[in-house]
Structures are given as C-alpha cells and as structure tokens.
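Down below is the structure, laid out as structure tokens.
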Amino acid sequence: MFVQTSIGEKHLWMYDKYQLTDILNNAGFTIINFKEYNVSEIPNFNSYFLDINEDGSPYKGVSSIYCEGKM
C-alpha cells in the first residue's frame, strides 16, 4: 500500500527519526544530525534549491525529516 502525501507523491514506506537513525547506524554512519529544512553542513546548500523554494519556504512542507549523516 502506498501512502499519498499532500503534494501528490506516493511512498511505500515512511520513516521516523528513530528508525532512520537505526538504519543509518547499521549502514556505518556514526554522526547523524537532524536539521531544519534550510540548515546543512554542506557549503552553499540552500543555493541548490533541493529542500528550499526560492522564497525561502520549505519545498516539501513541514512534515518532512531532514537528516545528514557522516561516516
């Protein structure tokens, strides 16, 4: 069964921060940080407009999880 989101995407599975942390730890990531949609340790991240609209609002809405991991 697919989950329909408010912007029309379909997902087979959705994760919360606890499940995502466990999966990333098992994959070898040792530093896992949850962030806001417009915060990243990637230089100039917001200029790529991956998770942010040109007006500064979140691209995916308020229910998305934004996470960065390092090995």
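One line per residue, one yes/no per condition, for (1) on the phi > 0 side of the Ramachandran plot; (2) in contact with a Lys or Arg (Cβ under 8 Å, 6 or more places away or on another chain):
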{"position": "ASP22", "(1), (2)": "no, no"}
{"position": "PHE29", "(1), (2)": "no, yes"}
{"position": "SER40", "(1), (2)": "no, no"}
{"position": "LEU50", "(1), (2)": "no, no"}
{"position": "GLU54", "(1), (2)": "no, no"}
{"position": "GLY61", "(1), (2)": "yes, no"}
{"position": "ILE65", "(1), (2)": "no, yes"}
{"position": "GLU68", "(1), (2)": "no, yes"}
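Among the residues of region 15-41, which ones are in a loop (DSSP other than H, G, I, E, B), surrounded by 11 or more Cβ atoms within 10 Å (Cβ to Cβ) and either modelled with pLDDT under 95 or in contact with a His (Cβ under 6 Å, 6 or more places away or on another chain) (or both)? If the condition is that a residue be in a loop (DSSP other than H, G, I, E, B), surrounded by 11 or more Cβ atoms within 10 Å (Cβ to Cβ) and either modelled with pLDDT under 95 or in contact with a His (Cβ under 6 Å, 6 or more places away or on another chain) (or both), then TYR15, TYR37, ASN38, VAL39, SER40 are the ones that fit. I'm trying to understand the selection: among the residues of region 55-71, which are surrounded by 11 or more Cβ atoms within 10 Å (Cβ to Cβ), part of a loop (DSSP other than H, G, I, E, B) and of a type in the set (A, V, I, L, M, F, W, C)? ILE65, the sole residue that qualifies. When the residues of region 42-54 are filtered to those that are part of a loop (DSSP other than H, G, I, E, B) and modelled with pLDDT under 90, the one that is surrounded by the most Cβ atoms within 10 Å (Cβ to Cβ) is ASP51.
Taking region 31-71 as the search range and keeping residues that are touching a strand residue (DSSP E or B) at 6+ places or on another chain (Cβ under 9 Å) and small (Gly, Ala, Ser), which one is nearest to MET14 (Cα to Cα)? The selected residue is SER64.
The values are calculated or read from the model by the stated rules, or taken from the named source; none is laboratory data. It should be emphasised that the depicted structure is a prediction, and the values quoted were computed from it without experimental measurement. Cβ sites come from the backbone with ideal geometry, for glycine too, and all protein chains shown count toward neighbours.
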